[in-house]
Amino acid sequence: MLVAMSGGVDSSVAAAELKAAGHEVVGVTMRLWGGESDTGCCSVSDVDDARRVAQQLDIDHLVFNFSDDFDKHVVAPYVQAHVDGITPNPCIECNRHLKFDRLSERARLLGFDAVATGHHARIEHDDEGILRLTRGADDAKDQSYVVHMLDQAELAYTMFPVGHLTKAQVRERAVELGLRTATKPDSQDVCFISKTGGRETFLGNRIPFRKAEVVNEDGSPAGKVEALELVTIGQRKGLGIPGGGPKQYVVDVDTPNARVVIGEEASLYRESLIVDKVIWSDLRDIERLLKTSDVLVQSSAHGNAIPATVEIWNEFSVRVVWNEPQRRIAPGQTVVLYDMTNTHVLGGGIASAKK
Amino acid sequence: MRAEAIEAMTPYLDHMYANPSGSHRFAREARKALDEARDLVAETLGCKPGEVVFTSGGTEGDNHAILGAVRRLGGIAVCPAAEHHAVLHCVEHVNGVVVRVNNVGTVDLEDLQRVLEAATEEQPITVVSVMAVNNEVGSITPMRDVARIVRKYAPNAILHTDAVQAACWVDLREITPLVDALSLSAHKFGGPKGVGVMVIKTGKNLEPLIFGGGQERDRRSGTHNVSGIIATAKALEVTDATRAEESVRVTKLRDRLVDEIRAQVDGVLETVPREHRVPGVAHICFSGLENEALLFLLDQADVYASAASACASGAMEPSHVLEAMGVERSWSNGALRLSLGHTTTDAEIDLAVSAIVSAVNQLRR
């Protein structure tokens, strides 16, 4: 088994669990980001933590340098998305292209039986023998949303050894084993963006910001922003508009014309949502959904799953029709469909800019 | 480490533990051993004992030569693009000039001449550092030609050579007279890690890097690492005495290693022609595979190789040497460096060939 070890507590315990279960385990830390960083998976101190945990568990530890792939598949698209007025989710793209593509491809080449990670999700067989990506045991820490892109082939090659544990249990296991990562805080932020500079500095070093007009829904001017690229749908602050009156939200970002449209909260609500680039856990779900179209839809990492029905346009595109109108999902955000028990991932894709 | 070196150093870790800078009898014993070690090193290097400075390793020597020259004399530092980072990063740190290398990885002599000629009186070139043998691909620099150009076009510059990779294979008496300063690292010739030797020729003044008690004639302060220095001198003595025959023996092993790999797998590039290379380095590139994966499989098969230098996290970095040589990424991604030395045997070559062939076949499946 090849265990992706970020230097955090979850993947530390994942490695320990596999080892305890009698597997032959090798740990690997991916070096992804060569630039400035103070958080996340790429810093030298995190690699040190991963290596020291591996030493403690008496397993080999490798470092793979995938920084070129990370630039190409995560950082460059992240920057371009801001130019295009789209709200990207780089952590999900990293899972898609690095952990469950580049790393698993190499693991296969090297003869490993599976890749394991410390994600809080589970993989179960259903009655028909289909592998089901399942929410983790800890509701508050469930990460099935961020690994939704695993299809049957990848699910068969993936293990989530801590998915059946709560976060508290993971930390308890780490304390029992005396792992140095036992009390390490969870990583929260995008690993290639430093706390000091933030997103604005990161993007400002890579793209020119465009000034934009802020207008009301009737087209009348309301203010100005310095950087169109930093504006997100649903945003309320930093729009250069005076206080008082009803709360104003960004309800649309018109990138070609450099205009930000603001309005009241009601204007954010939509009946439906188009989702592109859909990946299905199992293609047979398409047929099932053509018969019974009820789903639960989650559109942020820790958001609620909202009841909806789904119209399948083709293998890669669907329209989600909300049972009750919902606040607009920013284009670029990941949208994941769950079954009606809110347990299994059916598939997921990217919120479209199309209206 | 060479057994002779371990044997020589052991008493100085035990009952002969004294600090040679002291004034009592035990200190004098340590001092005597240190002086004799210095004589021995000077003899194998072809310099005066007073020109030998013991350091913590090759990196310190490289830093001392470049930073010490620029801090003392001002001006510009120059080095080729395929230098070890201990030189390259120093030159970059002082905003020096990096010279091109040719396709075998040694300094482009025309570009060196051009850079030296372009210097002005206000901004003279004060130090030129050119490695004697490249640490990654093993190519041998024609130091005589380098010295001729430096003396002609930058006569006041300090000429330093990082000779870390040369010690095992090149008679250092042929290099030392050509340069003003030279750096060695003991662990490359069977001595301990953390000990180095530097030559600073008489009359060539470099600003010290390390100030303190004034050891090493004020050129390098800090209590002497007596046992390490004794072991270093012994290792260098043995290396010097066996160099000629070892070179013949290891060349045969190296050539067989590469020939047998090439006979069994396609898509192999021998990065530098053999006539330009020291015996102890086999550097080959495999098309269509990634060396991180190759190294893992070799490790599993008990073949311990490297590809390029690793960063602080332990990840392999793309080789700046291969990039400077103009080797395409499709080849350099599959670069493999195999080192051979005085302990290498025929049986190990057999093991390496079979492990490499099977790993390459697995990765290309």
Filter result (of a type in the set (Asp, Glu) and modelled with pLDDT of 90 or more) within segment A:168-214: A:Glu172, A:Glu176, A:Glu200, A:Glu213
Verdict on A:Ser272 being touching a strand residue (DSSP E or B) at 6+ places or on another chain (Cβ under 9 Å) and part of a helix (DSSP H, G or I): no
Within segment A:21-127, strands (runs of 3 or more DSSP E) holding 2 or more residues that are at the interface with chain B (Cβ under 10 Å from one of its Cβ atoms), at negative phi and surrounded by 16 or more Cβ atoms within 10 Å (Cβ to Cβ): A:26-31, A:60-65
Listing of helices (runs of 4 or more DSSP H) fully contained in segment B:313-365 that carry 3 or more residues being within 14 Å of another protein chain (Cβ to nearest Cβ): B:329-332, B:346-364
Looking at segment B:267-281, is at least one residue acidic (Asp, Glu), touching a helix residue (DSSP H, G or I) at 6+ places or on another chain (Cβ under 9 Å) and within 13 Å of chain A (Cβ to nearest Cβ)? no
Against the conditions (1) more than 25 Å from A:Met5 (Cα to Cα); (2) crowded, with 16+ Cβ neighbours inside 10 Å; (3) in contact with a strand residue (DSSP E or B) (Cβ under 9 Å, 6 or more places away or on another chain), where does B:Arg262 fall short? Just the number, please. (2)
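Here's the yes/no breakdown for (1) farther than 27 Å from B:Leu209 by Cβ; (2) exposed (fewer than 14 other Cβ atoms within 10 Å of the Cβ):
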residue	(1), (2)
B:Arg25	yes, yes
B:Ala42	no, no
B:Gly58	no, no
B:Val70	no, no
B:Asn95	no, yes
For B:Ile229, only one of the following conditions fails: (1) within 28 Å of B:Glu275 (Cβ to Cβ); (2) in contact with a helix residue (DSSP H, G or I) (Cβ under 6 Å, 6 or more places away or on another chain); (3) assigned to a helix (DSSP H, G or I). What is its number? (1)
Looking at B:Ala301, B:Ala307, can you tell me which residue is in contact (Cβ under 8 Å) with a residue 12 or more places away in the chain, more than 22 Å from A:Arg102 (Cα to Cα) and within 14 Å of chain A (Cβ to nearest Cβ)? B:Ala301
So the strands (runs of 3 or more DSSP E) completely within segment B:61-179 holding 1 or more residues that are of a type in the set (S, T, N, Q) and within 22 Å of the chain's Cα centre (by Cα) are B:125-129, B:158-162
Odd one out for B:Glu245 among (1) in a helix (DSSP H, G or I); (2) within 14 Å of chain A (Cβ to nearest Cβ): (2)
Name, by its number, the condition in (1) more than 28 Å from B:Asp171 (Cβ to Cβ); (2) part of a loop (DSSP other than H, G, I, E, B) that does not hold for B:Ile261. (2)
Among (1) in contact with a Lys or Arg (Cβ under 6 Å, 6 or more places away or on another chain); (2) over 15 Å from A:Phe209 (Cα atoms), there is one condition A:Ala258 misses while meeting the rest; what is its number? (2)
From the list A:Val345, A:Val261, exactly one residue is of a type outside the set (S, T, N, Q) and surrounded by 21 or more Cβ atoms within 10 Å (Cβ to Cβ). Which is it? A:Val345
Are any of the residues in segment B:272-288 among the aromatic types (Phe, Trp, Tyr), surrounded by 18 or more Cβ atoms within 10 Å (Cβ to Cβ) and not in a helix (DSSP H, G or I)? yes
Of everything in segment B:289-311 that's assigned to a loop (DSSP other than H, G, I, E, B) and under 17 Å from the mean Cα position of the chain (by Cα), which residue is nearest to B:Gly334 (Cα to Cα)? B:Ala307
What's the number of the only condition in (1) away from every other protein chain (no Cβ under 14 Å); (2) surrounded by fewer than 19 Cβ atoms within 10 Å (Cβ to Cβ); (3) farther than 22 Å from A:His302 by Cα that A:Thr166 fails to meet? (3)
May I ask you to verify whether A:Asp285 is within 16 Å of A:His148 (Cα to Cα), more than 21 Å from the chain's Cα centre (by Cα) and touching a residue at least 40 places away in the same chain (Cβ under 8 Å)? yes
Across segment B:1-29, what is the total count of residues that are in a loop (DSSP other than H, G, I, E, B), of a type in the set (Lys, Arg) and farther than 19 Å from B:Ala235 by Cβ? 0
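The values are calculated or read from the model by the stated rules, or taken from the named source; none is laboratory data. In this text the structure is predicted, and so the values were computed from the model without any measurement. Note that we place each Cβ from the backbone using ideal geometry, even for glycine, and neighbour counts take in every protein chain shown.
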